[in-house]
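The values are calculated or read from the model by the stated rules, or taken from the named source; none is laboratory data. Since the structure is predicted, the reported quantities are computational estimates derived from the model, not experimental observations. Every residue, glycine among them, receives a Cβ derived from its backbone with ideal geometry; neighbour counts consider all protein chains shown.
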Amino acid sequence: MPVKLKDIGERGIIDRLRKTFKFTAPQDDCSLIDYGRNYLMITTDSINFKTHVPSGTPPDLAGSYFAALNLSDIAAMAGIPIEFMTAYSLNPETEYSLLEKFESGMVRTLNEYKCDFAGGDLKEGDGLNMTGIAVGRQKKNLTRKRSDLAPNQIIGVTNSLGRAAAGYIFYSHKIRKASSIRMMLDIKPRIREAQIISEYGGKFMMDLSDGLASSMQQMKRDYGIGFRVVQDELPVYNDVKKAVEISGFTELDLTMGFGGDYELFFSVDNGNYQDFSDAMKSEKISVSFIGDAWKGDNLIYNGSEWNKLDINGYEHFRKNRLVG
């Protein structure tokens, strides 16, 4: 019987393709091109209005979301975005005004982060499918890679977790529809934060597009390094408590297992922790230190004991119990 993509999941698909075609490039958020003392960073991401954009979303918000999620990959490696291109496949019955509003939101976000729009390609097709290609740059010594992770490093995240998950719960329960859509899609690529984290000694870094649990599992699988997270140290978005009451999911489900927050997950050397923490306060960057990296399994401390993390996190092509 033929194997279907939903039977393998995104990570399994990538692993199989890498083995089949002997791809050896590191699995970072961007591909890197050597450019003298700098790296050029190239990344791509897509959205489909049917699967990624909730009904009732203003087109300009969808366009802003589209640009931001692409730029977030540049942020994940502490890059500076410089160029953006697009490739669209659109149903010919689509109203032109929707496309114009979508582009206005996209361009507004690109301008906010001083990223030039260099045009792209437009094709007729089914549905509304948008692909973005973002290009960034950074000095080699300030470029953050996933392979920079090492045992005994302190791990942290920016801002708070669970905003997108709470928004999804509210949306699915028909509560505050407009604001719940904004909670899911009004994301901010942490460009400034990532550069400053890198300048003050940040090591490993990635963005939390698929959630903290998924990122932890991916790093354990790819690099053999696990994490120990203290639950009480997780920065919880203020609407998560209400979303827990409505949905019956746990706080950990929504802060670690959902995704969509696009915050930064990073590490610093243990010996640099205090100076780094002081620098973040001085720079007015909100970070929370949530645990450390080690050679064992991914663990969570609930206040009395350590337990193996059993939250899978989000993965494309697989049914997710939070979103299903």
Selection from the stretch 280-295 of residues that are of a type in the set (S, T, N, Q) and over 21 Å from the mean Cα position of the chain (by Cα):
Ser282
Residues that are farther than 30 Å from Leu90 by Cα, at least 2 per element: which helices (runs of 4 or more DSSP H) completely within the stretch 124-239 meet that?
163-172, 191-199, 212-223
Of residues in the stretch 222-252 being among the acidic types (Asp, Glu) and modelled with pLDDT of 95 or more, the one farthest from the chain's Cα centre (by Cα):
Glu245
Being in contact with a helix residue (DSSP H, G or I) (Cβ under 7 Å, 6 or more places away or on another chain) and either at pLDDT 95 or above or over 24 Å from Pro81 (Cβ atoms) (or both) narrows it down to one of Ile175, Ile154, so name that one.
Ile154
Among the candidates Leu128, Leu149, Leu122, Leu98, single out the residue that is in the same structural domain as Leu185 (by TED's automatic domain parsing) and either out of contact with any Gly (no Cβ under 6 Å at 6 or more places or on another chain) or closer than 19 Å to Phe265 by Cβ (or both).
Leu149
Filter the stretch 98-119 for residues that are assigned to a helix (DSSP H, G or I) and of a type in the set (D, E, K, R) and give the result.
Glu100, Lys101, Glu103, Arg108, Glu112
Just the residues that are among the acidic types (Asp, Glu), surrounded by 10 or more Cβ atoms within 10 Å (Cβ to Cβ) and free of Cβ contacts under 8 Å to residues at least 40 places away in the same chain, please, taken from the stretch 3-56.
Asp7, Asp15
Quick one: in the stretch 74-97, of everything that is surrounded by 18 or more Cβ atoms within 10 Å (Cβ to Cβ) and assigned to a strand (DSSP E or B), which residue is farthest from the chain's Cα centre (by Cα)?
Leu90
Flag if Leu71 is assigned to a helix (DSSP H, G or I) and within 30 Å of Ile33 (Cα to Cα):
yes
Select from the stretch 108-124 the residues that are under 18 Å from the mean Cα position of the chain (by Cα) and not β-branched (Val, Ile, Thr) and write down the one among them that is surrounded by the most Cβ atoms within 10 Å (Cβ to Cβ).
Leu110
Have a look at Leu61, Leu17, Leu99, Leu5 and point out the one that is within 21 Å of Asp126 (Cβ to Cβ) and either at pLDDT below 95 or touching an Asp or Glu at 6+ places or on another chain (Cβ under 7 Å) (or both).
Leu5
Of everything in the stretch 125-171 that's closer than 30 Å to Leu98 by Cα and of a type in the set (Ser, Thr, Tyr), which residue is surrounded by the most Cβ atoms within 10 Å (Cβ to Cβ)?
Tyr168
So Val229, is it out of contact with any Cys (no Cβ under 6 Å at 6 or more places or on another chain), crowded, with 20+ Cβ neighbours inside 10 Å, farther than 18 Å from Gln153 by Cβ and β-branched (Val, Ile, Thr):
no
